[in-house]
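Visitor: This is the structure I have questions about; it appears just below.
The values are calculated or read from the model by the stated rules, or taken from the named source; none is laboratory data. Because the structure is a prediction, the values reported are computed rather than measured. Cβ placement follows ideal geometry from the backbone for every residue including glycine, while neighbour counts extend to all protein chains displayed.
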Protein chains: 2
Amino acid sequence: MEKHTAESCSKARMAIRDTLDVVGGKWKLVLIAVLQSGKKGFNQLSREAEISPRILSKELQEMEMNGLVSRKVCDTKPVTVQYELTPYSETLTDVLLSLEKWGYQHRNKIIQGIELTSK
Amino acid sequence: MEKHTAESCSKARMAIRDTLDVVGGKWKLVLIAVLQSGKKGFNQLSREAEISPRILSKELQEMEMNGLVSRKVCDTKPVTVQYELTPYSETLTDVLLSLEKWGYQHRNKIIQGIELTSK
DNA sequence: GTTATCTGTTACAAAAAGGATAGTACTTAC
DNA sequence: GTAAGTACTATCCTTTTTGTAACAGATAAC
């Protein structure tokens, strides 16, 4: 499996772009992370992810179109809606974990840099 | 290592945000992918990644500040500049690979969906 | 009837990101 | 001196993204 030829790199770039198209932006991955703790209602999601209803609505629609979340209307007193991760969204586990991991280690690196500077 | 508590999820969200702050947006990961095939000059990068000089300049500066690429001015006839990945950028390998992998599989999934539809 | 909750939408505004075009500065080649 | 190649920067503009505030429809509690 040779890497770094002009062609394989071009494919890699396209694949990365494809992923970013679906899951890029400020919110989608965060929403998935939040939903990993279980299904949530609209307002609940809005509060937990600290995202305004307008954006949340749009993001959820896009994610539903891409098969990442499912939307279920419940026949309750005030109609509630449950958003839940789909099985397909689990294919993003590696992506989520790697981003999360890097975020941790990068923050630690930054903090250490600050500590060294202040000595 | 319990997961999905309110607290661990909040941390996960923050970590993901941290990562996206550094490496999010349309270009940075793509530029890293391109630079994985070796150091490149400014115009060369601009051509290969199909990115306009203005944006490229800005992105490279940010990436340099975050320690992901190094900039080396070479004392050649027309002064050239070499951009190269730093060792630190290698910590992003998992991120790159997982995004790339997901992009491939997602594209295949889409294509299959189309094939089924057209029958 | 007023207020509250839930799920959104609409209208408007602001900000961030991205892109197009040209120009600067330097050097070499013709 | 004209053109061409290097590495950018400056200006202007469009698009995308994000945010705020208000509102709508439905139901229930007081």
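Visitor: Would you confirm whether any residue within segment B:52-61 is of a type in the set (A, V, I, L, M, F, W, C) and touching a residue at least 40 places away in the same chain (Cβ under 8 Å)?
Guide: No, every residue in segment B:52-61 fails to be of a type in the set (A, V, I, L, M, F, W, C) and touching a residue at least 40 places away in the same chain (Cβ under 8 Å).
Visitor: For segment B:37-49, name all the residues that are over 18 Å from B:GLY24 (Cα atoms) and not aromatic (Phe, Trp, Tyr).
Guide: Once the filter is applied, which keeps residues that are over 18 Å from B:GLY24 (Cα atoms) and not aromatic (Phe, Trp, Tyr), segment B:37-49 yields B:SER37, B:GLY38, B:LYS39, B:LYS40, B:GLY41, B:ASN43, B:GLN44, B:LEU45, B:SER46, B:ARG47, B:GLU48.
Visitor: Would you be able to say whether some residue in segment B:28-41 is touching a Lys or Arg at 6+ places or on another chain (Cβ under 6 Å) and of a type in the set (A, V, I, L, M)?
Guide: Yes, because at least one residue in segment B:28-41 is touching a Lys or Arg at 6+ places or on another chain (Cβ under 6 Å) and of a type in the set (A, V, I, L, M).
Here is a yes/no grid of residues against (1) polar (S, T, N, Q); (2) within 17 Å of B:GLY24 (Cβ to Cβ); (3) modelled with pLDDT under 95; (4) more than 18 Å from the chain's Cα centre (by Cα):
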position: A:GLU2; (1), (2), (3), (4): no, no, yes, yes
position: A:SER8; (1), (2), (3), (4): yes, no, yes, yes
position: A:ARG17; (1), (2), (3), (4): no, yes, yes, no
position: A:LEU20; (1), (2), (3), (4): no, yes, yes, no
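Visitor: If you don't mind, there's one more thing I want to ask. Scan segment A:72-89 for residues that are loosely packed, with under 13 Cβ neighbours inside 10 Å and among the acidic types (Asp, Glu) and jot them down.
Guide: Across segment A:72-89, the qualifying residue is only A:ASP75.
Visitor: Now, a different point. Scan A:LEU20, A:LEU35 and give me the residue that is within 22 Å of B:LEU35 (Cα to Cα) and facing chain B (nearest Cβ under 10 Å). Quick ask: steps written out before the conclusion?
Guide: Numbers: A:LEU35 fails: within 22 Å of B:LEU35 (Cα to Cα).
A:LEU20 is the lone residue from the list that is within 22 Å of B:LEU35 (Cα to Cα) and facing chain B (nearest Cβ under 10 Å).
Visitor: Could you give me the residue pairs with C-beta distances under 9 Å whose first residue belongs to segment B:75-101 and is more than 7 Å from chain A (Cβ to nearest Cβ), whose second residue is of a type in the set (A, V, I, L, M, F, W, C) and assigned to a loop (DSSP other than H, G, I, E, B) wherever it lies, and which are 6+ apart or on separate chains?
Guide: Short answer, once both residue conditions are applied: B:LEU85/B:LEU68; B:THR86/B:LEU68; B:TYR88/B:LEU68; B:SER89/B:LEU68.
Visitor: Could you tell me which residue of segment A:46-71 is surrounded by the fewest Cβ atoms within 10 Å (Cβ to Cβ), considering only residues that are within 29 Å of B:GLY103 (Cβ to Cβ) and basic (Lys, Arg)?
Guide: A:ARG54
Visitor: While we're looking at this one, here's another question. Among what's in segment A:49-74 and is in contact with a Lys or Arg (Cβ under 7 Å, 6 or more places away or on another chain) and of a type outside the set (A, V, I, L, M, F, W, C), pick the residue that is nearest to DNA strand D (Cβ to nearest atom).
Guide: A:GLU59
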